[in-house]
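Only one structure is covered here, and it is reproduced in the block below.
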Amino acid sequence: MKGNTLMDLKALGTKAIGDTGEYYVAAELTKRGYTVTIAKDNTHLIDLIVINPDGTKTKNIQVKTTTNKQNKWKINKKCEKMHNSNLWYVFVKLDIDNELTPSSYHICSSSTVAKRSKAYGKQSRAIHVEANKKRSKKKKVKRTSTSVNTRFFLDEENKFVDKWKNLNLD
């Protein structure tokens, strides 16, 4: 890999971008005084385990990373069912113009992600149905399993930016 730029990272694929986001979140939480463990790659839904300084509280963190200019992250429909008080999401936006640095962290509970995911799924389906109504019978488009299961988490209003305190680890 020549240099250490986001364009090089994109050439490596989405896993490398995701790993980069996980390391940034781990570093940010460590700076805040928490102990952070990076989970193994095959750990379902958990990327990081965070422990407060006195060891009395832990949180499981799912990290999602994007290089989009918008506050928009791709997630899966399964997150609608995977929510509990101990599972949190940190959405990282990497700045393309400032080599691999995070421009923002968006922190929210898994129940918030589940609610927003369900709302996005309903809206997406309604848009698809409306578009098909306008097409002739031969040109109707079926939704693929990928499009049916894909959701996006959006934080256009920046409601969750830097809400580290919501993790309630202190």
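The values are calculated or read from the model by the stated rules, or taken from the named source; none is laboratory data. Note that the structure is a prediction, hence the values are computed from the model and not measured. Using ideal geometry, Cβ is built from the backbone for each residue, glycine included, and neighbour counts are taken over all protein chains shown. Accessible surface is based on the protein model in full, side chains and every heavy atom, while ligands, DNA and RNA are left aside. Shrake-Rupley method; radii C 1.70, N 1.55, O 1.52, S 1.80 Å.
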Q: Quickly run through segment 2-44 and pick out the residues that are at positive phi and either open to solvent by 30 Å² or more (accessible area, probe 1.4 Å) or modelled with pLDDT of 95 or more (or both).
A: Gly3, Gly33
Q.
Can you pull out every residue in segment 93-115 that is within 10 Å of Thr67 (Cα to Cα) and touching a helix residue (DSSP H, G or I) at 6+ places or on another chain (Cβ under 6 Å)?
A. Ile96, Leu100, Pro102
(Q) I'm trying to understand the selection: among the residues of segment 50-64, which are under 16 Å from the mean Cα position of the chain (by Cα) and open to solvent by 50 Å² or more (accessible area, probe 1.4 Å)? (A) Lys64
(Q) Could you list, ordered by first residue, the pairs with Cβ atoms under 7 Å in which the first is in segment 41-58 and touching a residue at least 24 places away in the same chain (Cβ under 8 Å) and within 25 Å of Lys81 (Cβ to Cβ) and the second is open to solvent by 50 Å² or more (accessible area, probe 1.4 Å) and assigned to a loop (DSSP other than H, G, I, E, B), at least 6 apart or interchain? (A) Leu45/Met82
Q: Name, by its number, the condition in (1) assigned to a strand (DSSP E or B); (2) more than 22 Å from Lys165 (Cα to Cα); (3) open to solvent by less than 60 Å² (accessible area, probe 1.4 Å) that does not hold for Lys74.
A: (3)
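Residue-wise test of (1) modelled with pLDDT of 65 or more; (2) open to solvent by 40 Å² or more (accessible area, probe 1.4 Å).
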| position | (1), (2) |
| --- | --- |
| Lys78 | yes, yes |
| Tyr89 | yes, no |
| Ser145 | no, yes |
| Glu157 | yes, yes |
Q. Identify, please: which residue in segment 97-119 is of a type in the set (A, V, I, L, M, F, W, C) and open to solvent by less than 50 Å² (accessible area, probe 1.4 Å) and is, among those, farthest from Ile61 (Cα to Cα)?
A. Leu100
(Q) Which condition from (1) in a loop (DSSP other than H, G, I, E, B); (2) exposed (fewer than 15 other Cβ atoms within 10 Å of the Cβ) is the one that His83 breaks? (A) (2)
